[in-house]
Amino acid sequence: MKSIPYGRQSIDQVDIDAVVSTLKSDYLTQGPKVKEFEIKFAEYVGAKYAVSVNNATSGLHLSVLALNLSKGDRVITTPITFAASANCIRYVGGQVWFADIDPKTYLLDIESVKELINSKPKGFFKGIIPVDFAGLPLDTEKFRALADLNDLWIIEDACHAPGGYFIDSKGVKNFCGNGNYSDVGVFSFHPVKHIACGEGGMITTNSKELYDKLILLRTHGISKDNMEEDHGGWYYEMKDLGYNYRLTDIQSALGIVQLAKNVNGVQVRNKIAHRYKKAFEGKIKFQELPSGMYNAHHLFIIEVENRKELYDYLKSNNIFSQIHYLPVHLLPYYNKIGYEEANLIHSENYYSMCISLPIYPTLKFNEQKFVINEVLKFISSE
């Protein structure tokens, strides 16, 4: 059996043709494909506005800036995420406060967040960054109610979840990052994610005020709109200290084609997840799917007692699983600044047993069967 990674991009001739066409056009960057991608992505998730960026980490950074996070401000997030969900707070000198996960869904536990908020005076925290981990949507309606009670903003880290959704209390389908209950959503276009642009990201929002701030900060803080002076057609003004976080037209052209495939891609991911669940039911623990949720399945995660041995066994059989994630509060940087004694027992227990199995749209049926058989063979031998 050839090597089977835990995730990979799917590139075909349509993707290649789209990129080549843009390479032959007048614009490689700052051209029409960028805006086209933004419009189509906003329509896809159901948000009013979308701002493309060079990667999701930049998207998180711009989001905290647009929401006026500053030195010393405190934000709550989950330790079971990629480091960028917390690092964006540190970029502006903010303080990261971790709440624990729900051991069944692996998502940020709203009860743990409530407990943390209620342990401090009102105004102590500025915001929450919950994560649609592995593709499973958060109930952002419940988080919004909690945030509103405490004057907090919400950045929904939806990097794992384009195409995921939950049904709210009104019976409305809410796609991850649609902005109905969060201030902004952030998505990733890394090759192992649903939509591959090489690198790239998108910020979504329903706020025109936030959209205007994000657009300005993405491009050096420079604008030709509402200028105080006008010396001619060449003139521009730098209105804020911004960054060069732009996505190119080349990447956007690829993203447009990839986006069009994602409805089918998420359906295929769910079929693979269903096969895994059917095979592992009653034998191996996996992420639960609450009622009214549709998982976009960036990842399929199981928990086993002897995770390291399973990881090595699968690798010896050319199955390259992965661990998602090392708890952020245990990383050396966060240790150094005083997070090593955080009481996050569910997150640490999860980390000791989690392992992500291969899942992506081009994973063939015989490869899926091989993964299932090898996992079950290992479990039965223990």
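In whole angstrom, how far apart do the alpha carbon centroids of the range 223-248 and the range 107-132 sit?
Centre-to-centre distance over Cα atoms comes out at 37 Å.
Using the Karplus curve 6.51 cos²θ - 1.76 cosθ + 1.60 with θ = phi - 60°, what ³J(HN,Hα) values do you get for each residue of the range 316-329, in whole Hz, with x for Gly and Pro?
For the range 316-329, the Karplus curve yields 5, 10, 6, 10, 9, 6, 8, 10, 10, 9, 5, x, 4, 5 Hz.
For the chain, what does -39500 (n - 2.57) per DSSP helix run (n ≥ 4), summed and divided by total residues, give at 222 nm, in deg cm²/dmol to the nearest 500?
Values: 12 runs with 147 residues, N = 382.
Only helices count here, giving -12000 deg cm²/dmol.
Once you've got the GNM for the chain with C-alpha springs shorter than 10 Å, pick whichever of Ile39, Ile272, Ile11 has the biggest mean-square fluctuation.
Most flexible of the set in this elastic network: Ile11.
Based on the alpha carbons, how large is the Rg to Rh ratio for the range 47-161 when Rh follows Kirkwood? Intermediate results must be reported in sequence, preceding the final value.
Values: Rg = 13.2 Å, Rh = 14.2 Å.
Rounded to two decimals, Rg over Rh is 0.93.
Considering amide H positions built from the backbone, and no H for Pro or chain starts, which residues 5 or more places from Thr29, or on another chain, come under 5 Å of its amide H?
Amide H to amide H, under 5 Å and 5 or more residues apart or across chains, Thr29 pairs with Asp249.
Can you tell me how the range 1-59 classifies by the Cα gyration tensor, rounded, prolate or oblate, using a/c under 1.5 as the rounded cut?
Values: a/c = 2.11, a/b = 1.30, b/c = 1.63.
The shape class here is oblate.
How would the range 220-314 be classified by its alpha-carbon gyration tensor: rounded, prolate or oblate, with rounded meaning a/c under 1.5 and the a/b versus b/c comparison settling the rest? Mind dumping the intermediate values first?
Details: a/c = 3.55, a/b = 2.81, b/c = 1.26.
Verdict is prolate for the range 220-314.
So for the chain, Kirkwood radius off the Cα pairs, Stokes-Einstein at 10 °C and 1.306 mPa s: how many µm² s⁻¹?
Translational D for this selection: 73 µm²/s.
Out of every Cα-Cα pair in the range 139-287, what percent are more than 20 Å apart? Present the calculation step by step, with values, prior to reporting the outcome.
On the way: 7048 of 11026 pairs.
Counting every Cα pair in the range 139-287, those more than 20 Å apart make up 64 percent.
Helix 13-23 versus the longest principal axis of the chain: what angle, 0 to 90°, nearest 10, using Cα atoms?
It is inclined by approximately 20 degrees.
List the GluC sites (Glu not before Pro) in the range 274-333 that DSSP assigns to loop (not H, G, I, E or B) and whose Cβ has at most 14 other Cβ atoms within 10 Å. Which are they? Before the final figure, lay out each step's value.
Details: sites: Glu281, Glu288, Glu303, Glu305, Glu309; in loops: Glu281, Glu288, Glu305.
When the GluC sites (Glu not before Pro) of the range 274-333 are filtered for loop state and at most 14 Cβ neighbours within 10 Å, Glu281, Glu288, Glu305 remain.
Work out from phi, with θ = phi - 60° and the Karplus expression 6.51 cos²θ - 1.76 cosθ + 1.60, the ³J(HN,Hα) of each residue of the range 95-101, listed in order in whole Hz, and give x for Gly and Pro.
With the stated coefficients, the range 95-101 comes to 9, 8, 10, 9, 10, 7, 9 Hz.
Show me the trypsin sites (Lys or Arg not before Pro) within the range 272-331 that DSSP assigns to loop and that have at most 15 other Cβ atoms within 10 Å of their Cβ. Please report the intermediate quantities before stating the final value.
Values: sites: Arg275, Lys277, Lys278, Lys283, Lys285, Arg307, Lys308, Lys315; in loops: Lys283.
Those that pass, being in a loop and sparsely packed, are Lys283.
Are there GluC sites (Glu not before Pro) in the range 157-255 that DSSP marks as loop and that have at most 16 other Cβ atoms within 10 Å, and which are they? Don't skip to the end; give the middle numbers.
Details: sites: Glu199, Glu209, Glu228, Glu229, Glu237; in loops: Glu199, Glu228, Glu229.
The qualifying sites are Glu228, Glu229.
From the residues Ser58, Ser352, Gly242, which one has its Cα farthest along the dipole of the chain in the positive direction, the dipole being from +1 and -1 charges on Cβ of Lys/Arg and Asp/Glu about the Cα centre?
Ser352
Which of the aspartates and glutamates could a cross-linker bridge to Lys239, judged by Cα under 16 Å and excluding same-chain residues fewer than eight apart?
Within the straight-line cut-off, Lys239 pairs with Glu209, Asp212, Asp225, Glu228, Glu229, Asp230.
No lab work stands behind these numbers, since they all come straight from the coordinates. The structure displayed is predicted, hence computed values, not measured ones. Virtual Cβ from ideal backbone geometry, glycine too; neighbours counted across all protein chains shown.
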